[in-house]
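Notes for the one structure printed next.
Readers should treat all values here as calculations from the given coordinates under stated rules, not as data from a laboratory. Just so it is clear, the model here is predicted, and its values are computed rather than measured. A quick note on method: Cβ atoms are made from the backbone with ideal geometry, for glycine too, and the neighbour counts reach across all protein chains shown.
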Amino acid sequence: MSAYARMERLAEQLRTLTDKNACWRLMTRYARAVDEELDEELAAIYTEDATCQTVPWSQGKVISGRDNIVRLFKGYQARFVNRKRFITNEQIDLTGADTALGWSNWLVLHANGGHSYVGWGSYDWGFTRVDGTWLISNMVVKIDTMTTLQNGWGDAEKLLVRFPPKP
């Protein structure tokens, strides 16, 4: 392999790693923005026409548009306090020059009405590069478990509690 070909190969590998890192950073920025109620940061990481769905809580409804997604998370923040989410096992695949898909697990600890909750599930992510900047274009939050500490997670019938009503 020629020196030029090796340099081209290294440049492509660097682009791939840089793009995947930008998508990974969006995942971590999302977690912090939701937990710490950083509305401007939350809005800054989504495309204008982004979509979001929480399964099964959304009952099939897809939220469209950056502003509506921020409102969705404001509703979550109004119901749960002392939020801390952990995103793990991230997988990011570039699907085109300006598109990528991701998947990750999540674990969240938060409280509502004096009750401690623990939940876990997975995220399906869609990323799009807009004007040179990677942004979240699609997000599906899959809730496998959301339960109080009192109920625990040993009984399969109690693993998913209803979304708390508005205060």
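Out of all Cα-Cα pairs in the range 89-152, roughly what percent, to the nearest whole number, are more than 21 Å apart?
Values: 808 of 2016 pairs.
Taking all Cα-Cα pairs of the range 89-152, the fraction more than 21 Å apart is 40 percent.
Which shape class, rounded, prolate or oblate, goes with the range 56-113 when its Cα gyration tensor gives a ≥ b ≥ c as root eigenvalues, a/c under 1.5 marks rounded, and past that a/b bigger than b/c marks prolate? It would help to have the intermediate numbers written out before the result.
Numbers: a/c = 2.45, a/b = 1.45, b/c = 1.69.
Oblate.
Between the helical axis of 3-35 and the dominant principal axis of the chain, each derived from Cα atoms, what acute angle in degrees is found, rounded to the nearest 10?
20
For every helix of n ≥ 4 consecutive DSSP H residues, a contribution of -39,500 (n - 2.57) applies; sum these over the chain, divide by its total residues, and give [θ] at 222 nm rounded to the nearest 500 deg cm²/dmol.
Details: 3 runs with 53 residues, N = 167.
For the chain, the value works out to -10500 deg cm²/dmol.
How many angstrom separate the Cα center of the range 100-141 from the Cα center of the range 30-71?
Using only Cα atoms to place each centre, the spacing works out to 9 Å.
Figure the gain on full extension for Met7 and Gln150 (residue separation times 0.36 nm, minus the Cα-Cα span) and round it to one decimal in nm. Can you show the working numbers first?
Details: separation 143, 0.36 × 143 = 51.48 nm, distance 5.82 nm.
Roughly 45.7 nm would be gained on extension.
Can you compute 3J(HN,Hα) from phi for each residue in the range 97-112, using the Karplus curve 6.51 cos²θ - 1.76 cosθ + 1.60 with θ = phi - 60°, rounded to whole Hz and x for Gly and Pro?
4, 10, 9, 8, 10, x, 8, 7, 8, 9, 9, 10, 10, 7, 9, 8
Given the range 3-158, what percent of its DSSP beta bridges are antiparallel, to the nearest 5?
Within the range 3-158, antiparallel bridges account for around 85 percent of the total.
Expressed as a whole percent, how much of the Cα-Cα distance distribution for the chain exceeds 20 Å? If you can, show how the numbers build up before the last one.
On the way: 7590 of 13861 pairs.
More than 20 Å apart: 55 percent of the Cα pairs in the chain.
What does the charge count near Thr18 come to, summing +1 for each Lys or Arg and -1 for each Asp or Glu among other residues with Cβ under 12 Å from its Cβ?
Details: positive: Arg15, Lys20, Arg25, Arg129; negative: Glu12, Asp19.
Overall, the nearby charge balance is +2.
Could you compute the longest span of the chain free of trypsin sites (Lys or Arg not before Pro) located in DSSP loops and having at most 11 other Cβ atoms within 10 Å, not counting the site residues? All intermediate terms of the calculation are to be shown ahead of the outcome.
Numbers: sites that count: Lys61, Arg162.
The longest uninterrupted stretch comes out as 62-161.
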